[in-house]
Amino acid sequence: MATFAEIRKFDSMGQFSNSKKSYEMVRQAGTIIKNPPRRWQSPQQEASIKIMNNRKTLMPILVVIGIFCGAYLPGCQPVISVPSPNTTDLSAAILKAFSEARDAVISQPNSPVTWGHFGKLCMAHDFANEAMTCFQQALKLDKAEGKWSYFQGILLEESDLEASESCYRETLKHDKQSAVARYRLGQVLTRLGRLDEARAEFQSAAELKPQEPAPRLALARLDLAKSDWSAAEQNLTLAATLAPYCRNIYLELARLAARQSNWTEAVRYQNSADLTTIPEVSLKDPWLKEVTDLELAGQNSSERADQLLAAGQLADAAKMLQTVVRDHPELARARLNLAIVLWQLGRIPDSQREFQQLTTLFSDDPTAYLAWGRLLASIGRFQEAKKRLEQAIERKADAAEANSMLGLFEERQGNLEQAAKYYQRAIQAAPEVASTYLALAGVHRQSGEPSQANHILEMAMNLKQTDENVRREIERQYRETIREPDSASALDPANRFPSDATK
């Protein structure tokens, strides 16, 4: 076997490429180089060979360990960019809260609590995208906590109903007894048109929270959609018992009475609705309360006052609203609610002062004047009510309700021509309201103008009414007008005006 010395000797003699022996020597030497005998290996060579062999053995193990760490160990989670909301226009207190919450996430990036807290703070101040990022990360770190997907469902309700549904169903996987998740899922399913599924969720929520009016109101609305009057009345009556100060419950009761042609009851419920301040009831939500408790701009306190009003606790609501308007005088709705609650408590002078303050601070807003006029009319102070309603129209000429009420005032005083003008303005502002056509037709009948009354009623019959009972009433009035052109008893304003106002 050739040695390296022999190979080098042949190379120096220039015999490398011309000798068969040299070729054989190179081939043999190559074999020796690839597998050198131990006597040729220096200590350095032996160490290098061991290292290379160890690397080949350890590399697959290291890869597996790396994959395991990235997938299962929280400490090895990939770095997530912490959201940075634009808080430049917020108060110093809010800025401080955001700074502390964000710093906590940076210092504890593997804590679902810090991510969740920061997300709730963002959600409370309408930073929806930043809140979504935080809740997604919190859910990755703690998949068993249902509220992280629940908050995502709320944020998605206005943009992606199907995704919102998925989030609520994910919540219910971990908390099947969550009434709020079932109630919100029912609302989403209703908007998606899947009414039978929605009913099942509302029914579950009602059974889980029997003292809550919101699921009952939701069930009643589904009953009305199916024309199941008996079930609707049962659910609405129970809801009204649980929340006697909810406006929409009385409006639904009025709607139900009208569909059954019970006009006396319809008017009574409408009057009750006009004297309430809370438009809608909602299910008490302990998870969402964690969000609202972080809100630092007065909205949370206003919502708590709304809940007290819905529960009929007027005195407590008044105290909370007084605190809100003291700390946040820029909140017009809170001051309006305070004025209305004080009125309901019989504290008329205090209420008048709040209305005066409200119309001074927000002089261009017709809402306060309209509410003021409505309440004055409810206690028979018609001249004062008329003045406030006229002020509402000065700020919003097409205020349908204000024009309709002024038309009723003028009609009661015998000023039929002026009443007709107000009713016409109300129809122009809200041409879909059939009751205004009936009122205008009544004015023409009292004025001895049956043909004009018939024309107005024909217009009303051409409306795209979804309520067949209202359509039937219009047709009945039309037949009566043709049969008895001089009779106005059915359209007498005294029969349509709120009973409280005639006292």
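Computed from the coordinates by the stated procedures, all read-outs in this text should not be read as laboratory data. Just so you know, these numbers come straight off a predicted model, no measurement behind them. Heads up, the Cβs are rebuilt from the backbone with ideal geometry, glycines too, and the neighbour counts pull from every protein chain shown.
Here the gap between Leu161 and Glu330, fully extended at 0.36 nm per residue and compared with their Cα-Cα distance, gives a gain of 57.5 nm.
Taking θ as phi - 60° and the Karplus parameters 6.51, -1.76 and 1.60, the scalar couplings of the range 80-97 work out to 9, 5, 7, x, 10, x, 7, 9, 5, 8, 9, 6, 4, 5, 5, 4, 5, 4 Hz in sequence order, x denoting glycine and proline. Taking 0.36 nm per residue of separation and subtracting the Cα-Cα distance, full extension of the segment from Glu265 to Asp316 would add 15.3 nm. Could you work out the local net charge near Glu295, counting Lys and Arg as +1, Asp and Glu as -1, over the other residues with Cβ closer than 10 Å to its Cβ? That sum, taken over residues with Cβ under 10 Å, equals -2. Measuring between alpha carbons in the structure, the pairs from Lys226/Lys289; Lys96/Lys173; Lys120/Lys284; Lys120/Lys173 lying more than 29 angstrom apart are Lys226/Lys289; Lys96/Lys173. When only alpha carbons are used to place a centre, the range 301-338 and the range 392-427 end up 32 Å from one another.
By the count of other C-beta atoms within 10 Å, a proxy for reagent exposure, Met461, Met405 are ordered fewest to most as Met461, Met405.
Cβ-Cβ distance of Arg169 and Ala225, R₀ of 30 Å, FRET efficiency by 1/(1 + (r/R0)^6): the value works out to about 0.80. Backbone phi angles across the range 353-366, fed through the Karplus curve with coefficients 6.51, -1.76 and 1.60 (θ = phi - 60°), yield HN-Hα couplings of 5, 5, 4, 5, 5, 5, 6, 7, 6, 10, 5, 8, 8, x Hz in residue order; Gly and Pro are listed as x. Ignoring aspartates and glutamates fewer than eight residues from Lys386 along the same chain, the ones with Cα atoms less than 15 angstrom from its Cα are Glu394, Glu401, Glu410, Glu411.
Here Arg388, Arg182, Arg268 are placed in order of increasing Cβ neighbour count within 10 Å, fewest first, which gives Arg268, Arg388, Arg182. For the range 411-430, backbone nitrogen atoms closer than 18 Å to the point 7 Å from Ser447 Cα along Cα-to-C-beta are found at 411-429.
How would the range 91-146 be classified by its alpha-carbon gyration tensor: rounded, prolate or oblate, with rounded meaning a/c under 1.5 and the a/b versus b/c comparison settling the rest? Cα axes put the range 91-146 in the oblate bin. Among the chymotrypsin sites (Phe, Trp or Tyr not before Pro) in the range 226-275, none is located in a DSSP loop while being surrounded by at most 11 other Cβ atoms within 10 Å of its own Cβ. Exposure proxy shown here: for Ser351, Ser282, the number of other Cβ atoms within 10 Å sets the order, fewest to most, as Ser282, Ser351.
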